[in-house]
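Asker: The following block contains the structure, expressed as structure tokens.
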Amino acid sequence: MRDAVPDDLEAVVAIYQHEVDTGVATFETRAVDAEEWRAKITGPEPMLVAEEDGTVLGVAYASPYRARPAYDRTRETSVYLAAVGQGRGLGTALYDALLPRLRDGGFHTALAMVALPNEASVRLHERAGFERVGVLREVGHKLGRVVDVAVLQLML
């Protein structure tokens, strides 16, 4: 696990784009511009990658939950893994590296939004200490599906 650097851009974009094209872990429906990812990688929020033998297999990052100042101490977390990185504990390792950064950064609450059904992601978040605090019913429409989203929360 290490900080993401600009050289990781291509791998991060590929991991995320696969989910944009084929899954519901993100509700993004269009390609995210590489410059948006570059801004995340070089920006102030923590972004980490899981790397093995020079190959990026996963990415985790935090982003502001909402723009209003009252949410300044809350961050939304995201973890995405390449298919070859799934089921190997990389999501847990990424959270083990990301969450202390948020604590040390003075943040109070971490939120994760998980499209359902996705028991593997729910278990990942629960292992990291998140608790399911609710479900947003049928808030997503992607790939011909109506999707519920579990809201998971961790008090840092």
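Asker: Round to a whole number: what % of the accessible area of the range 94-147 belongs to carbon and sulfur, probe 1.4 Å?
Answerer: 49
Asker: Along the positive direction of the dipole of the chain (beta-carbon charges: Lys, Arg +1; Asp, Glu -1; about the Cα centre), which of V151, P6, G85 reaches farthest?
Answerer: In the chain, that residue is V151.
Asker: May I pose another question? Nothing charged except the Cβ atoms of Lys and Arg (+1) and of Asp and Glu (-1): what's the magnitude of the dipole of the chain about its Cα centre? Round to the nearest 20 debye.
Answerer: Value, rounded to 20: 640 debye.
Asker: Shifting gears a bit: I need the fraction of alpha carbon pairs in the range 65-156 separated by more than 18 Å, rounded to a whole percent.
Answerer: The calculated P(r) of the range 65-156 puts 49 percent of pairs beyond 18 Å.
Asker: Then there is this: What would the Debye formula give as log10 I(q)/I(0) at q = 0.18, 0.22, 0.29, 0.33 Å⁻¹ for the alpha-carbon point model of the range 111-151, no solvent?
Answerer: Evaluating at q = 0.18, 0.22, 0.29, 0.33 Å⁻¹ gives log10 I(q)/I(0) of -0.47, -0.66, -0.98, -1.15.
Asker: For the range 18-76, just run the numbers: alpha carbon Rg, then divide by 2.2 N^0.38 Å, N being how many residues it has.
Answerer: So the Cα radius of gyration is 1.31 times the expected 2.2 N^0.38 Å.
Asker: How would you classify the range 63-104 from its alpha-carbon gyration tensor, with a ≥ b ≥ c the square roots of the eigenvalues: rounded for a/c under 1.5, else prolate if a/b is greater than b/c, otherwise oblate?
Answerer: Verdict is oblate for the range 63-104.
Asker: Quick one, could you list the DSSP H helices from the chain stretching 18 Å or more along their long axis (Cα atoms) with average Kyte-Doolittle hydropathy of -0.5 or above?
Answerer: Correct list, ordered by number: 9-22, 90-104.
Asker: Also, quick follow-up: Rounded, prolate or oblate: pick one for the chain, where a ≥ b ≥ c are the square roots of the eigenvalues of its C-alpha gyration tensor, a/c under 1.5 means rounded, and failing that, prolate if a/b is larger than b/c, else oblate.
Answerer: Verdict is rounded for the chain.
Asker: Are there trypsin sites (Lys or Arg not before Pro) in the range 1-74 that DSSP marks as loop and that have at most 15 other Cβ atoms within 10 Å, and which are they?
Answerer: R30, R66, R73
Asker: Using only helices, what value at 222 nm comes out for the chain when you add -39,500 (n - 2.57) per DSSP H run of length 4 or more and divide by the total residues, to the nearest 500 deg cm²/dmol?
Answerer: Taken over the chain, the calculation gives -9500 deg cm²/dmol.
The values are calculated or read from the model by the stated rules, or taken from the named source; none is laboratory data. Since we're looking at a predicted model, the values are computed, not measured. With ideal geometry, Cβ positions are generated from the backbone for all residues, glycine too; neighbour counts draw on all protein chains shown. Surface areas here come from the heavy atoms of the whole protein model, side chains and all, with no ligands, DNA or RNA. Shrake-Rupley method; radii C 1.70, N 1.55, O 1.52, S 1.80 Å.
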